[in-house]
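Undergrad: Before I ask anything, here is the structure I am working with.
Each value in this text was obtained by applying a stated rule to the coordinates, not by laboratory testing. The model shown is predicted, which means the values in this text are computed figures rather than measured ones. All Cβ positions, even for glycine, are placed from backbone atoms using ideal geometry, and neighbour counts span all protein chains on display.
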Amino acid sequence: MMPTAQMSSRGGPWRLYVALMGATQWPDFRWERPAPVPTIAERRAALAALGYELIPGSEWSWIEDTTTYGDDASPVLLIAAVDVRESTGGAS
């Protein structure tokens, strides 16, 4: 199973992390500034810094959730995901 990179924000700075099955800690990157959403180039650079790259042909998908489970009046949490692999050139 390929790892998945996910990115989320609860209204503050965005956080990108690579979800690794069986790992106790996941590599992550945090942008210092709150919104706007990091560009695709910024996300690619963050993944490279973590030693990962997009799988060719993969695209970011977006879903939304509520910050309080089952409460549709609570603030929205945006989550993006994409399939990744370890960088073929190593971490940059």
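Undergrad: Which count do you get for residues in the range 3-35 that are polar (S, T, N, Q) and in a strand (DSSP E or B)?
TA: Residues of the range 3-35 that are polar (S, T, N, Q), as a first pass: 4, 6, 8-9, 24-25.
Right, trim to in a strand (DSSP E or B) and you get 4, 6, 8-9.
Qualifying residue count, the range 3-35: 4.
Undergrad: Out of Pro56, Pro38, report the one residue that is surrounded by 15 or more Cβ atoms within 10 Å (Cβ to Cβ) and assigned to a loop (DSSP other than H, G, I, E, B).
TA: Numbers: Pro56 fails: surrounded by 15 or more Cβ atoms within 10 Å (Cβ to Cβ).
Testing whether each residue is surrounded by 15 or more Cβ atoms within 10 Å (Cβ to Cβ) and assigned to a loop (DSSP other than H, G, I, E, B) leaves just Pro38.
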